[in-house]
Amino acid sequence: MPELPEVETYVRELTPALHGRQVMDAHVLWPRTIAAPTPEAFVQRISGARFIAFERRGKYMVLGLDQGDTLIVHLRMTGHLHVHPASMAPDKHTHVVMSLDDGRRLDFQDSRKFGRLWLTRDPGLVLAHLGPEPLDAHFSMAEWQAKLAGRRAAIKALLLDQAIIAGVGNIYADEALFLAGLHPTQRGGELTLPQLAALHASIQAVLLAAIEKGGSSLGNSSLQNHVRPTGAPGNYQEAHRVYQRTGQPCPRCGYPIERMVIAQRSTHFCPQCQRLG
Ligand SMILES: [Zn+2]
């Protein structure tokens, strides 16, 4: 599933392709892709609108249009938003097509069909549940401490909770916990101040390093989690220290990386470098 670095890469690379472009018309081929409004209203309102603002919030793309609407996109597991030449026929996984005024087409493709698009006057309605942005200058230690205070759940599960911190998913939770030297089952509310500080810094470090590499691309061609708008893969998967490296040597101590399941999600860690307590 695309996480913060993959979505950030999308927004950065789509910006030059879409800035100032006007949607001439649109077609919805799989109605459930449109979370709101109705597919008919979506087509009517986006036709004629021009892309003028490009942001990311958590794992959401937030694309501002000149007529007051905002297009919000969540890629979920296998969603892709790509600009194609109009001559290229939409494939069977293309669920929304938007023709652009430069003769190209913005396509939303999604083999698993969990991705969603919203068109809204009030982005807050879609984004209000999200916790702090980990790379925001306002994401302070005080806020981080307050978010985890009293929480009895495993820190790995808490990192996946978008209300606690926005944009972190399975890959970067595992990588940040390794970098901070924390066992994934440690209870969030029991982290010491130095542990909280180490995790705060590690989350920021892994996210920034992953953005630098264009995110992580995993899976095979039909279920690829992340393909950049340019068609290129991200490269951060080559830098993963623990994620999906079960049985391979820890890059710090050489002990085999282990896998366990927390909150129904695969979790990868080094039992030597990430001790409980
Ligand atoms: Zn180790």
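Derivation of every value follows stated rules applied to the coordinates shown; laboratory data play no part. All of these numbers come straight from a predicted model, not from anything done at the bench. Note: ideal-geometry Cβ built from the backbone for every residue, glycine included; neighbour counts use all protein chains shown.
Side notes on the structure shown:
- Among H93, H27, H80, a tally of other beta-carbon atoms within 10 Å of each Cβ gives an order, fewest to most, of H27, H93, H80.
- If you count Lys pairs in the chain whose Cα atoms are under 27 Å apart, skipping same-chain pairs closer than 8 places in sequence, the total is 10.
- Dipole size of segment 4-127 about its Cα centre, with +1 on Lys/Arg Cβ and -1 on Asp/Glu Cβ: approximately 360 debye, rounded to the nearest 20.
- Distant-in-sequence amide H partners of S216 (H built 1.01 Å from N, under 5 Å): E6, Y236
- A straight line joining the Cα centroids of segment 90-136 and segment 1-77 runs 4 Å.
- Of interest is the spacing of the C-alpha centroids, which for segment 225-262 and segment 148-182 amounts to 17 Å.
- Here the convex hull built on the C-alpha positions of the chain has a volume of 124 cubic angstrom per residue.
- Built amide H within the under 5 Å cut-off of A163, gap 5+: G131
- Taking V206, V96 and counting other C-beta atoms within 10 Å, the order from fewest to most: V96, V206
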